[in-house]
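What follows is one structure encoded as structure tokens, with my remarks underneath.
The values are calculated or read from the model by the stated rules, or taken from the named source; none is laboratory data. Everything numeric in this text was worked out from a predicted model, so none of it was measured. Here the Cβ positions follow ideal geometry from the backbone for every residue, glycine too, while neighbour counts run over all protein chains shown. We work out accessible area using only protein heavy atoms, side chains counted, and drop any ligands, DNA or RNA first. Shrake-Rupley method; radii C 1.70, N 1.55, O 1.52, S 1.80 Å.
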Amino acid sequence: MFKFLKVLVKNILQGPATEAFPLQPAKTPDRFRGRVTLNPDLCVGCGICSHVCSGDAIRIIPNEEKTGYHYTVWYNSCCLCGSCTYYCPTKAITMTNNWHNSHKQDDKFKMAEHHFIPYLKCDGCGAPIRLLPPHLATRIYAHSPVDIEKIIRLCPSCRQIATAERQGELNESNPE
Ligand code: SF4
Ligand code: SF4
């Protein structure tokens with residue numbers, strides 16, 4: 001009896017071992033895979049996330065005027081696999097610790113994140129482009145003598161030409 005009372009008092013003093021949810025917010029670990037979210041500034045519209053999406057939850061549709069694209073992630077189709085975040089080359093899409101995905105049937109079409117992402121014009125040829133995120137450009141062109149500020153504003157073809165031209169200039173000024 002004394003042993004039992006000792007355990008009882010110890011447990012009362014320690015307090016509850018379980019979370020107080022729903023009376024308080026639930027804690028989630030740092031690497032928890034909750035709702036995905038997009039940073040439109042980093043998205044280049046490559047479509048890799050949509051291609052690898054196992055839940056078919058991502059839609060990327062150009063607008064009629066071809067001035068940009070609509071990007072939608074449907075939370076109620078997402079199975080939280082994390083493939084989009086893994087394969088996105090710019091890290092534009094990430095997972096949050098928001099696990100609040102339950103909803104009424106009437107609200108199913110509200111369970112989505114929508115963005116309209118506009119195209120810019122390539123400084124070289126005027127083709128519609130998305131800005132190459134500087135952190136990605138710095139890695140891609142780490143060993144190329146290009147101006148990162150200029151290269152990120154070019155389409156892939158103009159980037160190739162600019163890189164070759166810059167290399168040619170350097171070769172001419174430093175013949176071996
Ligand atoms: S979120 Fe990432 S993978 Fe998806 S289109 Fe944008 S840049 Fe590409
Ligand atoms: S976590 Fe998986 S299912 Fe959800 S949007 Fe990303 S790829 Fe699709």
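The table for this structure:
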{"item": "Selected residue [among the acidic types (D, E) and touching a helix residue (DSSP H, G or I) at 6+ places or on another chain (Cβ under 9 Å)] from D41, D56", "result": "D56"}
{"item": "Positions within the range 111-127 being under 21 Å from the mean Cα position of the chain (by Cα) and open to solvent by 60 Å² or more (accessible area, probe 1.4 Å), in sequence order", "result": "H114, F116, P118, Y119, L120"}
{"item": "Residue in the range 88-109 that is surrounded by 12 or more Cβ atoms within 10 Å (Cβ to Cβ), outside any loop (DSSP other than H, G, I, E, B), of a type outside the set (S, T, N, Q) and away from ligand 1 (no atom under 16 Å from the Cβ) present", "result": "yes"}
{"item": "Number of positions in the range 49-80 that are among the β-branched types (V, I, T) and in a loop (DSSP other than H, G, I, E, B)", "result": "1"}
{"item": "Restricting the range 53-82 to residues that are open to solvent by 40 Å² or more (accessible area, probe 1.4 Å) and within 6 Å of ligand 2 (Cβ to nearest atom), the residue that is nearest to C122 (Cα to Cα)", "result": "S54"}
{"item": "In the range 22-48, the residues that are away from ligand 2 (no atom under 13 Å from the Cβ) and either closer than 21 Å to M111 by Cβ or outside any loop (DSSP other than H, G, I, E, B) (or both)", "result": "P22, P25, A26, T28, N39, P40, C43"}
{"item": "Test set (1) of a type outside the set (K, R); (2) free of Cβ contacts under 8 Å to residues at least 40 places away in the same chain; (3) surrounded by 12 or more Cβ atoms within 10 Å (Cβ to Cβ); (4) in the same structural domain as D41 (by TED's automatic domain parsing) - Y141 fails condition number", "result": "(4)"}
